[in-house]
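Everything on this sheet refers to the single structure shown next.
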Amino acid sequence: MNTETVWLALENSINARRDQVIQLIQDLVRIPSFEGEGEVQALISKWWRERGIEPDIWEPDIQVLSTHPAFVDVDYDYHGRPNQVVMFKGQGGGRSLALNGHTDVVPVDPAPWTYGDPWSGKYIDGRVYGRGSVDMKGGLACGMIVMDALLENDIKLMGDLHMQFVVDEENGGNGTLDAILKGYRGDATIFLEPTSPNYLVVSSRGAQFFRINVPGKEAPIEHTRTTVNVIEKAFILFQAIQSYASWRAAGADHPLYDWDPTKIPVAVCKIQAGSWPSTLPALCIMEGSLECLPGEDIELIKEQFKAYLLEAAGQDNWLKEHPPQIEWFGLRFESAATASDADLIIEFTRSYRHVTGNQPVILGGGGSDLRLPILYADSPSALFGPAGGAIHSTDEYVDIDTVMEAARILGRFILDWCGVADGLTRRKL
Ligand SMILES: [Zn+2]
């Protein structure tokens, strides 16, 4: 089958879907999905069933997940929070492709929105506003309309194409991990996260949350000459973490992160001590995140960080006698990157050029689910999706032109990657 003929039909079909994509993003945004994705998943299932497609729907099993090394430790289960996958089986002889989109969003704070409220899905001047519009209901809609356009034109691919609609990405990625454990993989994976269609993100930083406890002795404020104030001692460690971060940033050298002034984020972001304004605190707790670049092993970086802090502590007489307790908790990501000469990058760039006449900028990103198929499904992966603004904050929006642009590029890449077996017989439902 001639790919160019099929492409023309597919591109026209995608271009005709601007109103459909706006409506779909609005419908998705109008379901708040920060405290459970069941309702938004039901809307997606219904959308597919209206097209004669039955998704595979299941609830992640926390017992199975929690035995996996990439499990992000959470204190809840996935009852009422199903994953789902829509599979277009290929005719054989082509490469498979996985698309992935998360259905959860982050919560909103009470600040008023300029355009509607966080769940209004208001459309103004080419943008749809609302929590989750750009992260990443716009990306979900992008994948859905491209697959719908394939259906409408009865385009049969050679390789399998499937899309994973996953839960619980914002808290670390257990939904994607579960889809992988269920056996869903592609010869490549594209996460339709909001990169903007100018960029293809091909790596993920490693990260680990840390907690530092500096225990002391509670005492009335009159005892400041005889009792150590643990806040003062914690501050020594706070400064040591800042100098560690500067030292790491100065030594960072990775071509995918040239764009990033921070390169390796490491910081204390939460401090807690004391119970009364005139009582010296018994304990100071500092929490933060330690990150690393692709090619670095987060476990080795954790050891390095701990040794650095203990050495700094050893230079203070009191801390030497009362060493801080350094703990790891919560989020833990391994770093990962798709090789720069991977077929995914080379061929995506070719498809991209075909549609736009330009090249995508290829760069590295922060922690994301991208690490999971690379490390656990042997699937080179990238993030690619629409653009917008105010991600995770007030007045979040997605730009519809960029959803359409990402959809065209994705459509072309699907044809090139999976291969076209047959097409252009209009589907009769
Ligand atoms: Zn996201």
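What follows is calculated from the coordinates using simple rules that are stated; it is not laboratory data. Remember, predicted model here, so these are calculated numbers, not experimental data. Positions of Cβ are backbone-derived with ideal geometry, glycine not excepted, and every protein chain shown enters the neighbour counts.
Computed values, structure above
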read-out	value
Percentage of interatomic Cα-Cα distances in the stretch 206-333 larger than 18 Å	55
Label-to-label distance, nm, for residues given as Gln304 and Ser246 (7 Å Cα→Cβ offset)	1.8
When the stretch 115-197 is reduced to its Cα atoms, the Kirkwood hydrodynamic radius in Å	14.9
Least to most buried among Phe238, Phe191 (fewest other Cβ within 10 Å first)	Phe238, Phe191
Sorted by Cβ neighbour density within 10 Å, fewest at the top, the residues Cys269, Cys142, Cys284	Cys269, Cys284, Cys142
Percent of alpha-carbon pairs separated by more than 21 Å within the stretch 259-327	42
Space enclosed by the convex hull of the alpha-carbon atoms of the chain, per residue, Å³	150
Proximal charge balance of Gly385 [Cβ under 12 Å; K/R count +1, D/E count -1]	-3
Base-10 log of normalised Debye intensity for the stretch 291-333 (one unit scatterer per alpha-carbon) at q = 0.13, 0.28, 0.32 Å⁻¹	-0.36, -0.98, -1.12
Other-chain or far-sequence residues with amide H under 5 Å of Gly385's (modelled H)	Thr195, Ser196
Gaussian network model of the chain, springs between alpha carbon atoms under 10 Å - residue of Val134, Val146, Val268 with greatest fluctuation	Val268
Cα-centre dipole for the stretch 206-333 with unit charges at Cβ (Lys and Arg positive, Asp and Glu negative), debye to 20	340
GluC sites (Glu not before Pro) within the stretch 201-280: DSSP coil, no more than 16 neighbouring Cβ in 10 Å	Glu218
Positive-pole candidate from Ile414, Gly172, His79, dipole of the chain, charges at beta carbon	Ile414
Candidates per chymotrypsin sites (Phe, Trp or Tyr not before Pro) in the stretch 14-117, loop by DSSP, up to 14 other Cβ within 10 Å	Phe34, Tyr76
Most mobile of Ser33, Ser351, Ser340 in a GNM of the chain (Cα contacts under 10 Å)	Ser340
10 Å beta-carbon shell around Glu59, net charge (K/R +1, D/E -1)	-2
Highest-first arrangement of 204-212, 170-178, 306-314, where packing means the average Cβ count within 10 Å	170-178, 204-212, 306-314
Kyte-Doolittle mean at least -0.5, axial Cα span of 18 Å or more - DSSP H helices of the chain	138-152, 230-251, 298-314, 343-356, 400-418
Three-way shape call for the stretch 126-280 based on the alpha-carbon gyration tensor, with the a/c threshold at 1.5	prolate
